[in-house]
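Remarks on the structure that follows.
The values are calculated or read from the model by the stated rules, or taken from the named source; none is laboratory data. This is a predicted model, so every value here is computed, not measured. With ideal geometry, Cβ positions are generated from the backbone for all residues, glycine too; neighbour counts draw on all protein chains shown.
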Amino acid sequence: MNRIFNFNQIFTIRIPILISIISLSIISLLILESAGSYKTEFFGMMFSRVQKQILWLFIGSITFILIQFIRLRFFHERMFLLYLFFLIFIFLPFFAEATKGAQNWFMGFQPSEFGKIIIVISLAKVLSDNQKRLSNVFFLGLCLLLIGIPIIVFILQRDLGAVLVYSSIVLPMFYWAGVKFYLLIFLISPILTSYTVLYMSIFNSNSTEYGYPILLLSLYIIINFTYILIFLFKTKISNNYKLIYITSYLIFNLICSFGVTFGWESLNQNNSNRSEDLVGRIENFIIPSLNEYSGGWHIKQSMVAVGSGGIFGVGLGEGSQVNLRFLPEADTDFVVASIAEALGFAFIFFIIIISYNLFYWLIFYAQKSPNIFKSLLIIGFASILFAHIVITMGMAVALAPITGIPAPFLSYGGTFTLTCFCMLGICNNVTNNK
Amino acid sequence: MLKNNNIKKAKVLNQIVLLIFLLILSRYFFIQVLSKQQFIKSASDNKYTDVESIPPRGIIYDRSGTVLVSNRNTFSIKIYPNHFDDSFNTDLFYKIINSADKRSKLFISKNEFKGHINDYKRNTIKKYKPVTIINFVDFKTKALLSENKNDFPGLVFSINPSRFYQKSPNISHVLGYLRPVPKDSVYDGSYYNINDIIGIDGIERVYEKKLRGKKGEESHIINTYGKDLGIDKKRSIPYVPGDDLYLTIDNDLQAFIENILSKYTGSIICMNPQNGQILAMASAPDYSLSQFIGPLKYDTWQTWKKEKRLVNRSTAGTYHPGSLYKLVTSVMFLDKQMVGNEDTVFCNGKFELEDQSNPNKPKIFRCWKEEGHGNINLHNAIVQSCNVYFYDMILKNQEINKYIINDLNKYAEKLGLNQKVGIEIFEKSGRIPDSDWMEINYGKTWPKKGSMPNLSIGQGSNAVTPLQVINLINIIANRGDVVKPTLLLDKKINNSRLNISKYVWDVIQNSMFDVVNQEIGTAYYLKDERAIIRGKTGTAQTISSSTNDQLLSWFGGYMELNEQIFSIVVLVEDTNSETKSIAKILSKEIFNFIIERNINE
């Protein structure tokens, strides 16, 4: 039983998955066509962007069907080998030249895209194999290390998008695997603390009217205070454990806030180009509309594109923001803004309905799956897709930081589209084995 | 147990997903539906750059439809720095510009020129905006540059709206010139912008609003790199072209009178008294309106000012009317029945008036004819232009009416003097003194007897414009009908009637007839069998000088030809006692021209 493929497998393609792939792809092709489709060389032949995307959709569909014949246990068995390959692959872009400030491309492909599949498989295997160690803090630390290594690599490659997306799988998968609630909070708390501290210091060093530092600070304090009270009086564990937990929680967060402050100060005092670039990126990440002339300009143009679309849009190919190139990356990172301008709020609403339908059913499939490894796969892939959709949609309206990640099936681009087909293919595969 | 747990977890995850999606959806709703207008405005601010479009100015025609002033645009040469490169043939560029057009020259050196544009080329934003190299280049230069367009990468042309004038006649004072708008009249809300042109003089000034039309607005679509993708026709507001004007000017007659007047300083006006239309109006010396296309050289301007070329002598030059004023005095004498037609005066060539302050040395007023005219009545006094008759009669009447100067002033005003005649372009009102004016200017010892004789023959403080004189001639020709002179062809005739008895007009017209048709008449030279010509000559000292070297030569009269009436007034400055009949000679030429043209038709 060591084979990858099992061609006797009978499969059905789930309707919610099919609907979302088809409808999002059609919208994507419409936008791509309306934005002016110039021809580029691809495998020695000339293709327009629409043709190229159709080709990718075709390749993706075949991959999707091929994946239905895969024995998912194979992934479970060969997880460490896959993870090793993955580590080797994500180091490759260091040997290539940087594009658009991020160094995450190699030979026209982004290793971090296919890595998303492997990292979910790895975490799913580790979590499902160690069900009884989930309340062991050291085990959880080991799991975090599994994701932490690639995340550190991505930080070095200045690929903030990948960092966000890879981080997004941790909480849902831990939660689904059965990690205790208070341990999850322990994990989230340093992120919240760092965010609050950074927000405060950036807000204080830049005089800007955007942002709500007082609100954020009071919200942070109230949430922590309430959480500690709830933890102390509602959680059913021994008092000693509670004392250790609370003490380490507070110390951990305190260290975190001091560390972040110190790191931020030293980064600001370092006057090299590289660190200035990083400072700018982090500032725009924390307060998206802060700087009009770097990332903030993108957001402004994106908001104008979205806002001028109105309820029914200005029509395909009529959008001035897209056609006059005011909106940057109009068919990849900011494709949602292009859609909002051309087709209006109606289609945004439609995309959200389609997406919610997809996630509803993915969670449902995970819930129905008897195998904890397989259900964790679904939750992991759903988290990744969810992160992509939320960030790309939020980015267009200044809700999320600009990271340069594509929207599933909506953005133009080969690797990611193929990855999405693979991820949904595996999810569909899970539902076959009943 | 596991299943139950999964259902609970699924529910929690579901709710989180729903919550986040609702948050995003509400954000989109807020932006796309609630604050849509603000973003639509930002988008169109991004998209459009509005540039005003300047309408073609109205064309000015003469009475028969000949174009007097039209538009022929000049061009600005501009270079897009982003298209500029080393293949630009600077030598040829300089050669064409510096040879073909004298008005505009390039002053910077070739290397500076290249460096300048390359500087712009390095700037990420400025490189997409055209740099103006030179303005007011004529069509010929533009054509030469266009022919060699491959040698000049990045070269474009833009239009400077400019007037185009015919070579002859100039009609400069009537038409007037255009200049860039004075800086202080470009304020917020003003129609004008800093580069616009505006009529400064003549018809161009008076009918500026009609001629200029209404500016439009072109909405250029500009992309994020500053590239112009063309004009959005739907959003643009088209300009309204200026209205055309038809003048009463007769182009051929105008050319003729400008030609004959060109050697002298003075003015000629030619009119139709019946409808008040001005057929020709010239003031010499004049200037070429073409000089005002583009920048006018400072030296030229200063010279013109010094030579008083810019003054329209026909309407804004004030002169002693001289003997022509005897017509006004005669109208008063006759209408007030101060003298009868049979009352005579003996003229021995001079008139002595005892001076109250110096009894031994009487003041002497001379007639132009030294040996005198003998016994003479009013009719002959006009025909032979006898001064003594008027000296004697005015003083006789002053003994009866001390303030006869006010009567004379009243009649002069009735006949259109001492006030603006009402033509469209700028005019002066001249001056006919009354007792108040004399008291202010000559002190309380006035009235002395000495000032009236001079005033009665159009000397002294009298000052009139040639336009007022022709208006007076018109009133006589119309037998008391006052028709406002006009330059616009489609203007309604604006007339009023003077309350002066028919008998007066008979006497005046007969006298003026005899001036031309009797051998003793002062303008017998003008007698022409083909038409009925009436007129009156005049010679006056210029206001500034009292010597006989600088005389004004006047002739005013009218001609009846085939039921048409033509009135003319000719004034020549700076004549002396030998050339003082020059006005008559010019008048003869004009009458000849009109008659011959009439026969040929």
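If we scan the range A:372-379, do we find a residue that is of a type outside the set (Asp, Glu), within 14 Å of chain B (Cβ to nearest Cβ) and either without any contact (Cβ under 8 Å) to a residue 24 or more places away in the chain or assigned to a loop (DSSP other than H, G, I, E, B) (or both)? It would help to see each step written out before you state the result.
Just the residues of the range A:372-379 that are of a type outside the set (Asp, Glu), to begin with: A:372-379.
Then drop every residue that is not within 14 Å of chain B (Cβ to nearest Cβ), which leaves A:372-376, A:378-379.
Those left that are additionally either without any contact (Cβ under 8 Å) to a residue 24 or more places away in the chain or assigned to a loop (DSSP other than H, G, I, E, B) (or both): none.
No, the range A:372-379 contains no residue that is of a type outside the set (Asp, Glu), within 14 Å of chain B (Cβ to nearest Cβ) and either without any contact (Cβ under 8 Å) to a residue 24 or more places away in the chain or assigned to a loop (DSSP other than H, G, I, E, B) (or both).
The number of residues in the range B:589-601 that are in contact with a Phe, Trp or Tyr (Cβ under 9 Å, 6 or more places away or on another chain) and either free of Cβ contacts under 8 Å to residues at least 12 places away in the same chain or surrounded by 19 or more Cβ atoms within 10 Å (Cβ to Cβ) (or both) comes to 3.
Just one of the listed residues (A:Phe386, A:Phe349, A:Phe364) is over 20 Å from the mean Cα position of the chain (by Cα), under 30 Å from A:Phe174 (Cβ atoms), facing chain B (nearest Cβ under 9 Å) and assigned to a helix (DSSP H, G or I), namely A:Phe364.
Given the criteria in the same structural domain as B:Thr344 (by the TED database) and within 24 Å of B:Gly557 (Cβ to Cβ), does B:Asn397 qualify? Show your work before the answer.
Working: in the same structural domain as B:Thr344 (by the TED database): yes; within 24 Å of B:Gly557 (Cβ to Cβ): no.
When the stated conditions are applied, B:Asn397 does not pass them.
Can you tell me which residues in the range A:334-371 are of a type in the set (Gly, Ala, Ser) and out of contact with any Gly (no Cβ under 8 Å at 6 or more places or on another chain)? Can you show your working first?
Taking the range A:334-371 and keeping what is of a type in the set (Gly, Ala, Ser), we get A:337-338, A:340, A:342, A:344, A:346, A:355, A:366, A:369.
Across the range A:334-371, the qualifying residues are A:Ala337, A:Ser355, A:Ala366, A:Ser369.
Pairing residues of the range B:569-587 that are more than 20 Å from B:Met281 (Cβ to Cβ) with residues that are part of a loop (DSSP other than H, G, I, E, B) and among the charged types (D, E, K, R), at Cβ distances under 6 Å and at least 6 apart in sequence or on separate chains, gives B:Asn576/B:Asp549. Scanning the range B:307-339 for residues that are hydroxyl-bearing (Ser, Thr, Tyr) and closer than 27 Å to B:Ile425 by Cα turns up B:Ser314, B:Thr315, B:Thr318, B:Tyr319, B:Tyr325. B:Val507 meets the conditions (1) within 29 Å of the chain's Cα centre (by Cα); (2) not in a strand (DSSP E or B) in every case but one. The failed one is (1). For the range B:225-251, a residue qualifies if it is under 22 Å from B:Ala43 (Cα atoms) and surrounded by fewer than 14 Cβ atoms within 10 Å (Cβ to Cβ), and the qualifying residues are B:Tyr225, B:Lys227, B:Leu229, B:Gly230, B:Lys233, B:Lys234. If you check B:Lys209, B:Lys227 for being basic (Lys, Arg) and more than 16 Å from the chain's Cα centre (by Cα), only one passes: B:Lys227. When A:Val163 is tested against (1) surrounded by fewer than 16 Cβ atoms within 10 Å (Cβ to Cβ); (2) within 29 Å of A:Ile90 (Cα to Cα); (3) among the β-branched types (Val, Ile, Thr); (4) more than 14 Å from every other protein chain (Cβ to nearest Cβ), only condition (1) is not met.
Here is a list: B:Thr90, B:Thr66. Which entry is without any contact (Cβ under 8 Å) to a residue 60 or more places away in the chain, out of contact with any strand residue (DSSP E or B) (no Cβ under 7 Å at 6 or more places or on another chain) and assigned by the TED database to the domain that holds B:Leu144? Reasoning before the result, please.
Numbers: B:Thr66 fails: without any contact (Cβ under 8 Å) to a residue 60 or more places away in the chain.
On inspection, the qualifying residue turns out to be B:Thr90.
When the range A:395-421 is examined, which residues are found to be in a helix (DSSP H, G or I) and crowded, with 21+ Cβ neighbours inside 10 Å?
We begin by selecting, within the range A:395-421, every residue in a helix (DSSP H, G or I); these are A:395-396, A:414-421.
Matches in the range A:395-421: A:Met395, A:Ala396, A:Phe416, A:Thr417, A:Thr419, A:Cys420, A:Phe421.
Among the residues making up the range A:306-324, those that are over 16 Å from B:Val33 (Cα atoms) and at the interface with another protein chain (Cβ under 7 Å from one of its Cβ atoms) are A:Ser320, A:Gln321, A:Leu324. The residue that is modelled with the lowest pLDDT, counting only those in the range B:13-45 that are surrounded by fewer than 12 Cβ atoms within 10 Å (Cβ to Cβ) and farther than 17 Å from A:Ala398 by Cβ, is B:Asp45.
Take A:Ile191 and decide whether it is surrounded by fewer than 19 Cβ atoms within 10 Å (Cβ to Cβ), more than 22 Å from the chain's Cα centre (by Cα) and aliphatic (A, V, I, L, M). No; evaluated as a whole, the condition is false for this residue. Tell me, which residue of the range A:194-212 that is outside any loop (DSSP other than H, G, I, E, B) and surrounded by fewer than 16 Cβ atoms within 10 Å (Cβ to Cβ) is modelled with the lowest pLDDT? Among residues in the range A:194-212 that are outside any loop (DSSP other than H, G, I, E, B) and surrounded by fewer than 16 Cβ atoms within 10 Å (Cβ to Cβ), the one modelled with the lowest pLDDT is A:Ser205. Here B:Ile364 fulfils each of the conditions (1) within 24 Å of B:Phe555 (Cβ to Cβ); (2) in a strand (DSSP E or B) apart from (1). Against the list (1) under 30 Å from A:Ile13 (Cβ atoms); (2) outside any helix (DSSP H, G or I); (3) of a type outside the set (Ser, Thr, Tyr); (4) touching a helix residue (DSSP H, G or I) at 6+ places or on another chain (Cβ under 6 Å), the condition A:Asp333 fails is (4).
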